[in-house]
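See structure below.
Only the coordinates and a few stated rules stand behind these numbers; no lab work does. These numbers were taken from a predicted model, which means no experiment stands behind them. Please note: Cβ atoms are built from the backbone with ideal geometry, for glycine as well, and neighbour counts cover all protein chains shown.
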Number of protein chains: 2
Amino acid sequence: MSAPTRRERLRTSTLSEIKKEARRLLVTGGPEAISLRAIAREMGMTAPAIYRYFDSLDALIEALAGDLYVELSDVVRTAKADAGSDPVEQLKAMARAFREWSVAHPAEFALILGNPLPGIVAFQENCDDENHPGVEFGRPFMETINVLWLHHPYPTPPRSLMEERLAAHLQPLHAGHGEKVPIEVAWAFLSGWSRLYGLVSMEVFHHLRWAVSDPGALFEMELHAYVDQFTPHA
Amino acid sequence: MSAPTRRERLRTSTLSEIKKEARRLLVTGGPEAISLRAIAREMGMTAPAIYRYFDSLDALIEALAGDLYVELSDVVRTAKADAGSDPVEQLKAMARAFREWSVAHPAEFALILGNPLPGIVAFQENCDDENHPGVEFGRPFMETINVLWLHHPYPTPPRSLMEERLAAHLQPLHAGHGEKVPIEVAWAFLSGWSRLYGLVSMEVFHHLRWAVSDPGALFEMELHAYVDQFTPHA
DNA sequence: TAGGAAGATGAACGGCGTTAACTATGGCAA
DNA sequence: TTGCCATAGTTAACGCCGTTCATCTTCCTA
């Protein structure tokens, strides 16, 4: 726990400058515009020097993806914290925060939540770790839905269906989020997340252009329909 | 309407061989593995020769994407035709066919339904044409949901919400599918398609690995939940 | 049968990731 | 203070890539 030496300070500074430049390229030219030579050029260095900091371009991209996951997780977590104490409002705030970040950062979204590049595949491999960024990202959603379930149960598919189709295949989720996640919570989470992801992903990738001129409005409608299942009806 | 000349026959044959080879590269190495030089090498040609057939690599990829859209549309249409006359069964068959094609052809899925490459962006631009492959792909879904709605209305979000959030922004959809699509059908289609897309996309891109070991089972459960809304309950 | 269009070629330009050999430098131990 | 060595950075090179240009061959047609 000693103060970092001068060498160490320089090293971490260069390291983050590399990633900053990589992100700039990502934003301006998409994932495949990230190149060691362009990064080095912009930094006044030569490309091979970067190999002192990353094993390969893929490793750099993987590290960048990790950072982005953390950034997105923070955005979502902050939105939840600012949303008051009503779990339904928390859920809406998190979903909106996720969409807004994604729409505002399409290239970053593409990198971590789109078609995985070679460098990203490895990133997804060991996600059974409970500290993996992906797991961390899902946690606030899971917790909120858990609160909702404990507060007043919402309708779910028949238990028999959930047992057969879901409970038998949840080892990875339990590894990250603990064994005590009720099957109903796991269902509501996965069902909701896939809807959220589908909608946002289609908007970010312009796969809704042919149908709708204001994806944000469609999102709000679907969000309304989703949280509606959690509010008991007369 | 005359018989194709020898030149023309050779040309179309070379053209489709190029695309065949491009797809082989796509499948074995992902979208960014498609390269003119590799295609030419495999065909016993040199790279510049391909410029007689396509303006650029991006144009080739765009053409390939068009073919793949048609292939996927055919798969879905065939599944519908083989599913009998019950619209709910038709819907399930189409959804399953979509998933199966996607899981079996992850690289192709990534190309046409994932993070758009530069060459794909142009492909998405003029999708207000009613013959655009994307519109064509959605048509059998839309038609089936339309039949369901006419047969016996299913529950929807409040009309006021649909009017405000959806009806005002449906010009593109109406351009492709006609003005007469009821708002309830548009809603059920978009809602269902985004769920289907989200789930399949996450499975294909391995974004469910951290949660579920058998995405197919989750898919079946969600499909069940989705079509359930179309079957009137006592 | 002459000529022009279409198909294909080789060379070249600038870009890329990556490796290898080499140089300069900062910080620590003797 | 001196000597050393790990660390950071360099240049040069290899083999990919898309693309352009000038050139050559082949086929079809007028």
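Pick from A:Gln90, A:Gln124, A:Gln171: which is most flexible by mean-square fluctuation in a GNM of chain A where alpha carbon atoms under 10 Å apart are linked?
Of A:Gln90, A:Gln124, A:Gln171, the Gaussian network model singles out A:Gln171 as fluctuating most.
Report, for A:Asp74, each distance to the same residue's label point in the other copies, shortest first and in nm; define the point 7 Å along Cα→Cβ.
Listed shortest first, these distances are 5.1 nm.
At 7 angstrom along the Cα-to-beta-carbon line, where would the label on A:Ala47 sit relative to the other copies? Give the distances in nm, shortest first.
Distances between equivalent label points, in nm: 1.4.
Taking every residue in A:154-162, how many Cβ atoms of other protein chains lie within 10 Å of its Cβ, on average?
2
On average, how many beta carbons from a partner chain sit within 10 Å of the beta carbon of a residue in B:212-220?
5
Give me the net charge for the shell around B:Ala104: Cβ to Cβ below 15 angstrom, other residues only, Lys and Arg +1, Asp and Glu -1.
My count for the surroundings of B:Ala104 gives -2.
Among the trypsin sites (Lys or Arg not before Pro) within region A:133-215, which fall in a DSSP loop and have no more than 15 other Cβ atoms within 10 Å of their own Cβ?
Counting only loop positions with at most 15 other Cβ atoms within 10 Å, the trypsin sites (Lys or Arg not before Pro) in region A:133-215 are A:Lys180.
Measure nothing fancy, just the Cα-based angle from helix B:87-104's long axis to the longest principal axis of chain B, in degrees from 0 to 90, nearest 10.
The answer is roughly 40 degrees.
Pick from A:Pro157, A:Pro106, A:Pro215: which is most flexible by mean-square fluctuation in a GNM of chain A where alpha carbon atoms under 10 Å apart are linked?
Among A:Pro157, A:Pro106, A:Pro215, the largest GNM mean-square fluctuation belongs to A:Pro157.
What average number of partner chain Cβ atoms lie no more than 10 Å from the Cβ of the residues making up B:224-230?
Per-residue shielding by partner chains comes out at 2.
How many nanometers, to one decimal and shortest first, lie between the label point of A:Thr12 and those of its other copies, if labels sit 7 Å from Cα toward Cβ?
So the label point of A:Thr12 gives 6.6 nm to the other copies.
Calculate one ³J(HN,Hα) per residue across region B:138-147 by plugging θ = phi - 60° into the Karplus curve 6.51 cos²θ - 1.76 cosθ + 1.60, and present them in order as whole Hz with x for glycine and proline.
Taking θ as phi minus 60°, the curve returns x, 4, x, 4, 4, 4, 5, 5, 5, 4 Hz for region B:138-147.
Placing unit charges on C-beta atoms (Lys and Arg positive, Asp and Glu negative, everything else neutral), compute the dipole magnitude of region B:136-232 about its Cα centre in debye, rounded to 20.
Using Cβ point charges on Lys, Arg, Asp and Glu, region B:136-232 gives about 160 debye.
Could you give the distance between the Cα centres of region B:203-234 and region B:130-166, to the whole Å?
Here the answer is 20 Å between Cα centres.
State the percent of C-alpha pairs, over all pairs in region A:1-127, separated by a distance greater than 22 angstrom.
Summing the P(r) of region A:1-127 above 22 Å gives 47 percent of all pairs.
Taking only Cα atoms and a 10 Å spring cutoff, compute GNM fluctuations for chain A and point out the largest among A:Phe109, A:Phe205, A:Phe98.
With Cα springs under 10 Å in chain A, the top fluctuation among A:Phe109, A:Phe205, A:Phe98 is at A:Phe205.
Place +1 on the Cβ of every Lys and Arg and -1 on the Cβ of every Asp and Glu in region A:87-169, take the dipole about the Cα centre, and give the residue among A:Pro116, A:Gly138, A:Ser160 whose Cα lies farthest towards its positive end.
It is A:Ser160, whose Cα lies furthest towards the positive end.
Which of the aspartates and glutamates could a cross-linker span from B:Lys80 if the Cα-Cα distance has to be under 15 Å and same-chain partners fewer than 8 positions apart are dropped?
B:Glu71, B:Glu89, B:Glu100, B:Glu136, B:Glu143
Taking 0.36 nm per residue of sequence separation and subtracting the Cα-Cα distance, how much length would be gained by fully extending the chain between A:Lys180 and A:Arg6, in nm to one decimal?
Between A:Lys180 and A:Arg6, full extension yields 58.0 nm more.
Nearest to the axis that maps chain B onto chain A: list the chain B residue whose Cβ wins, with the distance in whole angstrom.
Rotation axis B onto A, closest Cβ, rounded to whole Å: B:Gly198, 1.
Based on the Cβ-Cβ distance from A:Thr28 to B:Tyr154, what FRET efficiency comes out when R0 is 30 Å, to the nearest 0.05?
E(calc), rounded to 0.05, equals 0.10.
So, in nm, how far is label A:Lys20 from label B:Asp214 when the simple model puts each one 7 Å beyond its Cα toward the Cβ?
5.0
What Kirkwood Rh does chain A have if only Cα atoms enter the pairwise 1/r average? Answer in Å.
Taking the inverse mean of 1/r over all distinct Cα pairs, chain A comes out at 19.8 Å.
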